[in-house]
Amino acid sequence: MAEDIVVPVDRVAEAMAETRAIGRRHDLVALCFGHAGDGNLHSTFLVSPEDDDEIRRAEAAVEDLFDLAIRLGGSVSGEHGIGLLKRGQLEKQWGARPVSLHAEIKRVFDPKNLLNPGKKLASPPASGEPAPIAVRASPRPG
């Protein structure tokens, strides 16, 4: 189970060591590779796809990994985005109010929720709801 996180460059070694420690806590083999020069790490917990217990422990390890990235001043996503797999993680990183504002902005520009529905935010903006932020075009002259 692989995830990408990003941390400040001067914390890369710490993030790699703590990723391995997370693996040990969850009784999983853990490794990191990636783009250390800019702090992007691909942290991986090795699991057997047939072992539900290993998968459950890896999912818990990934949550710890996201907490680690935030604690070190980084982000839950280095380069692969939030999408479906990390949906709901932004609130850990940003807090409730910025995520709410993000959802409001999405409703303004995508009121029918056609663009990447259900991705990134914990729950997709409700279709058909009026946007709480009004965006009006300036009247055209003449």
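For first residues located in segment 1-26 and within 16 Å of Leu46 (Cα to Cα), partners that are of a type in the set (D, E, K, R) and outside any helix (DSSP H, G or I) and lie 6+ apart or on another chain with Cβ distances below 8 Å form the pairs Glu3/Lys86; Asp4/Glu79. Of all residues in segment 41-60, those satisfying the criterion of being in a strand (DSSP E or B) and farther than 13 Å from Leu72 by Cβ are His42, Thr44, Phe45, Leu46.
The residues of segment 7-40 that are closer than 12 Å to Leu68 by Cβ, modelled with pLDDT of 95 or more and not in a helix (DSSP H, G or I), listed by number, are Val7, Ala30.
In segment 68-84 there is at least one residue that is farther than 23 Å from Gly39 by Cβ, under 14 Å from the mean Cα position of the chain (by Cα), free of Cβ contacts under 8 Å to residues at least 40 places away in the same chain and surrounded by fewer than 18 Cβ atoms within 10 Å (Cβ to Cβ).
Only one of Leu65, Leu121 is among the hydrophobic types (A, V, I, L, M, F, W, C) and outside the structural domain of Thr19 (by TED's automatic domain parsing). Can you tell me which?
Leu121
Scanning segment 87-98 for residues that are within 12 Å of the chain's Cα centre (by Cα) and not polar (S, T, N, Q), we see that the one that is nearest to Asp64 (Cα to Cα) is Lys92.
Against the definition (buried (at least 18 other Cβ atoms within 10 Å of the Cβ) and either among the polar types (S, T, N, Q) or in contact with a Ser or Thr (Cβ under 9 Å, 6 or more places away or on another chain) (or both)), how does Ser48 come out, yes or no? Spelling it out, it is not the case that Ser48 is buried (at least 18 other Cβ atoms within 10 Å of the Cβ) and either among the polar types (S, T, N, Q) or in contact with a Ser or Thr (Cβ under 9 Å, 6 or more places away or on another chain) (or both).
The values are calculated or read from the model by the stated rules, or taken from the named source; none is laboratory data. Just so we're clear, the structure is a prediction, and the values are computed from it rather than from any experiment. Quick reminder, even Gly has a Cβ in these numbers, built from the backbone with ideal geometry, and neighbours come from all protein chains shown.
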